[in-house]
């Protein structure tokens with residue numbers, strides 16, 4: 001194949017662009033990644049949720065190529081977190097994203113390599129085509145186990161060192177899984193649009209990190225929380241009858257453990273309600289699993305929580321170290337490795 005510049009347009013049909021639920025074209029020829037179903041945005045009645053759905057946590061391009069460089073046009077109205085470029089699993093560039101439109105280009109080493117371009121996990125950006133310079137070979141990665149994870153700011157992980165080092169990104173890279181990250185800062189409230197989105201995205205494994213935003217905002221009370229968790233999990237199961245589903249209760253947050261919120265729930269009471277809902281469903285669902293958050297980040301790890309809530313960069317690495325083995329042991333659907 002003759003070497004030439006190759007442009008790869010963002011699309012859910014592309015086997016190279018991964019992690020977005022959808023892409024919407026802008027008026028100036030760029031593309032906006034969405035992490036919820038854009039056609040249902042107006043029905044969410046939650047502007048904050050839609051705002052975070054426009055942030056590209058977990059969205060990336062993955063390919064094998066012999067190109068001499070990789071380039072991308074990016075636009076941001078406000079400062080965003082950086083873009084990471086990895087070659088053969090090692091980061092070779094972490095590029096800041098300033099307000100405005102600009103082109104970034106990263107030279108690649110000679111030869112054929114696996115290349116990943118991870119978009120910022122925080123801040124709203126739009127991107128153009130991924131441009132490969134002097135490429136004689138462009139291959140999509142082999143099909144991988146499809147993993148959707150849903151949660152709060154702890155899943156979006158804006159305090160991670162970079163977009164390739166959030167705990168979902170680290171787990172996906174370690175296990176070789178195809179990640180769709182539905183982490184929404186402050187917005188994990190069992191929203192119907194989130195359940196519909198999880199239902200619409202093909203998945204072999206689904207993890208649901210439930211409870212911290214509910215406790216923080218008083219979204220549900222003692223009467224309503226367990227039924228809402230049950231209904232959310234049941235909707236996901238109906239859409240994915242063969243997938244492994246894991247529910248994770250909240251990690252430790254010292255000020256919230258025994259302090260009631262506006263709805264009268266401590267963080268431990270929230271864990272108890274989530275636990276009760278999942279335990280009841282497990283009676284009829286052999287591939288539904290419960291993980292306890294304090295086994296991931298517990299009282300001995302609070303030094304990794306600078307604000308007593310969100311892990312720092314090292315905390316997210318620790319989360320990945322502990323969650324990856326949990327997820328890797330889940331029974332997978334027949335025919336899926």
Enumerate the residues in region 196-236 having an amide nitrogen under 14 Å from the point lying 7 Å beyond the Cα of residue 292 toward its Cβ.
none
How much length is gained on full extension from residue 13 to residue 40, taking 0.36 nm per residue of separation minus their Cα-Cα distance?
7.7 nm
Of the residues 59, 131, 21, which exhibits the maximal mean-square fluctuation in a Gaussian network model of the chain defined by a 10 Å Cα contact cut-off?
131
Mind checking which of 88, 285, 204 has the largest fluctuation in a GNM of the chain, springs on alpha carbons under 10 Å?
88
Alpha carbon centroid spacing (whole Å) that separates region 1-72 from region 81-95:
17
Computed on alpha carbon atoms, what radius of gyration and Dmax characterise the chain, expressed in Å?
19.8, 67
If contacts are Cα pairs under 8 angstrom and at least 6 residues apart, what is the relative contact order of region 275-331 in percent?
25
Sticking with the crude label model, points 7 Å out along Cα→Cβ, report the distance from residue 92 to residue 330 in nm, one decimal please.
3.3
For a Förster distance of 41 Å, can you work out the FRET efficiency between the beta-carbons of residue 266 and residue 112, rounded to the nearest 0.05?
0.15
As a check on your grasp of the helix formula, calculate [θ] at 222 nm for the chain: sum -39500 (n - 2.57) over DSSP H runs of n ≥ 4, divide by the residue count, round to the nearest 500.
-7000 deg cm²/dmol
Tell me, how many Å apart are the Cα centres for region 203-257 and for region 169-200?
12
Exposure proxy order (Cβ contacts within 10 Å, fewest to most) of 231, 4:
4, 231
Value of relative contact order over the chain, rounded to a whole percent, pairs C-alpha under 8 Å and six or more apart
17
Proxy reagent accessibility, fewest Cβ within 10 Å first, across 147, 167:
147, 167
Using alpha-carbon positions, what is the distance between the centroids of region 124-168 and region 275-337, in Å?
21
Of all beta bridges DSSP finds with both residues in the chain, what is the antiparallel percent, to the nearest 5?
70
Using the number of other C-beta atoms within 10 angstrom as an exposure proxy, rank 308, 66 with the fewest first.
308, 66
Cα-based shape type of region 232-337, given that a ≥ b ≥ c are square roots of the gyration tensor eigenvalues and the cut on a/c is 1.5
oblate
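Values quoted throughout were computed directly from the atomic coordinates according to the rules given, and no laboratory measurement underlies them. Just so it is clear, the model here is predicted, and its values are computed rather than measured. Quick reminder, even Gly has a Cβ in these numbers, built from the backbone with ideal geometry, and neighbours come from all protein chains shown.
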